[in-house]
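Report on one structure; see the data block that follows.
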Amino acid sequence: GQQVMQIPQYQHVQEGEDFTTYCNSSTTLSNIQWYKQRPGGHPVFLIQLVKSGEVKKQKRLTFQFGEAKKNSSLHITATQTTDVGTYFCAGPDTGTASKLTFGTGTRLQVTL
Amino acid sequence: DGGITQSPKYLFRKEGQNVTLSCEQNLNHDAMYWYRQDPGQGLRLIYYSQIVNDFQKGDIAEGYSVSREKKESFPLTVTSAQKNPTAFYLCASSTTGGSVEKLFFGSGTQLSVL
């Protein structure tokens with residue numbers, strides 16, 4: 001079945017450093033979504049990318065969808081303690097677009 | 001205030017017992033989903049429903065059952081056949097099930113075995 005992997009599994013940075021998480025799908029995706037889950041919380045939708053090579057920015061966050069639509073990345077510039085949490089990518093299942101397959105997640109810890 | 005409500009927040013199950021997790025949404029969304037999250041893990045799909053009175057198995061449906069009698073409600077029953085039920089259960093909804101877009105999640109239910 002479809003697999004979506006993320007690296008790294010965990011990253012610990014000091015506040016002000018940059019952070020990047022990478023998402024790789026075993027199959028081509030029609031779109032990729034990113035979610036953030038704060039510790040003890042639930043996932044919250046951040047963004048959706050649809051086009052090959054698409055780049056979107058949200059303040060300090062930059063999202064990119066690969067040319068082959070099989071990979072994506074999330075880059076955070078100058079991390080803050082409010083960025084702490086687990087970041088998940090997710091893509092529609094190849095069998096049916098009615099369900100999302102989530103990546104394994106990257107947990108970000110930010111310290112002062 | 002629109003959203004998804006899951007209850008209870010914490011639930012304990014005795015061996016051999018069935019328990020039901022509640023999920024209610026007032027977003028008028030057609031599609032609803034149940035995911036299981038184990039510590040430090042990603043989300044795995046248990047069941048999903050694109051429309052009332054219809055639902056499909058996800059990747060880990062064994063030991064679980066659902067119903068979708070009303071648009072706003074999608075309860076999940078964890079049966080005694082589920083031998084390792086301890087996990088964080090998340091309910092979600094989206095506007096349409098045809099091509100799933102943005103998911104809205106509830107605050108989750110933590111299920112533990114006594």
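Let me confirm the definition first: pairs of Lys residues in chain B, 8 or more apart or on different chains, C-alpha distance under 20 Å. How many are there? Before the final figure, lay out each step's value.
Values: B:LYS14/B:LYS83; B:LYS57/B:LYS70; B:LYS57/B:LYS71; B:LYS57/B:LYS83; B:LYS71/B:LYS102.
Value for chain B: 5.
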- Mean other chain Cβ within 10 Å across B:100-110 is 5
- The size of the Cβ-based charge dipole (Lys, Arg +1; Asp, Glu -1) of chain A about the Cα centre, to the nearest 20 debye, is 260
- Note on the structure: GNM on chain A, Cα springs under 10 Å; top mean-square fluctuation among A:HIS75, A:HIS12, A:HIS42 goes to A:HIS42
- Query: Amide H to amide H under 5 Å from B:GLU101: which residues, 5+ apart in sequence or cross-chain, H placed 1.01 Å off N in plane?
  - Reply: B:THR95, B:THR96
- Message: Ignoring ligands, DNA and RNA, please state the percent of accessible area on segment A:12-112 from carbon and sulfur, probe 1.4 Å.
- Response: 50
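Based on alpha-carbon positions alone, could you give the equivalent ellipsoid semi-axes of chain B from the gyration tensor, as √(5λ), descending, whole Å? Don't jump to the answer; show the numbers that get you there.
Working: eigenvalues 99, 39, 35 Å².
Working through the eigenvalues yields semi-axes of 22, 14, 13 Å.
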- Message: Take A:THR77 and A:THR111, extend 7 Å from each Cα along the Cα→Cβ direction, and tell me the distance between the two endpoints in nm.
- Response: 2.7
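Over the residues of the protein assembly as shown, compute the C-alpha Rg and express it relative to 2.2 N^0.38 Å. Please report the intermediate quantities before stating the final value.
Details: Rg = 17.5 Å, N = 226, 2.2 N^0.38 = 17.3 Å.
Relative to the rule-of-thumb radius for its length, the protein assembly as shown sits at 1.01.
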- At what distance in angstrom do the alpha carbon centres of segment A:91-106 and segment B:28-77 lie from each other? 14
- Query: Loop-only check: which trypsin sites (Lys or Arg not before Pro) in segment B:1-72 are DSSP coil with at most 15 other Cβ within 10 angstrom?
  - Reply: B:LYS9, B:LYS14
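Within chain A, what is the longest stretch that has no trypsin sites (Lys or Arg not before Pro) placed in a DSSP loop and near at most 15 other beta-carbon atoms within 10 Å?
Answer from the scan: A:61-112.
The values are calculated or read from the model by the stated rules, or taken from the named source; none is laboratory data. No experiment lies behind these values; they were computed from the predicted model shown. Cβ sites come from the backbone with ideal geometry, for glycine too, and all protein chains shown count toward neighbours. Accessible surface is based on the protein model in full, side chains and every heavy atom, while ligands, DNA and RNA are left aside. Shrake-Rupley method; radii C 1.70, N 1.55, O 1.52, S 1.80 Å.
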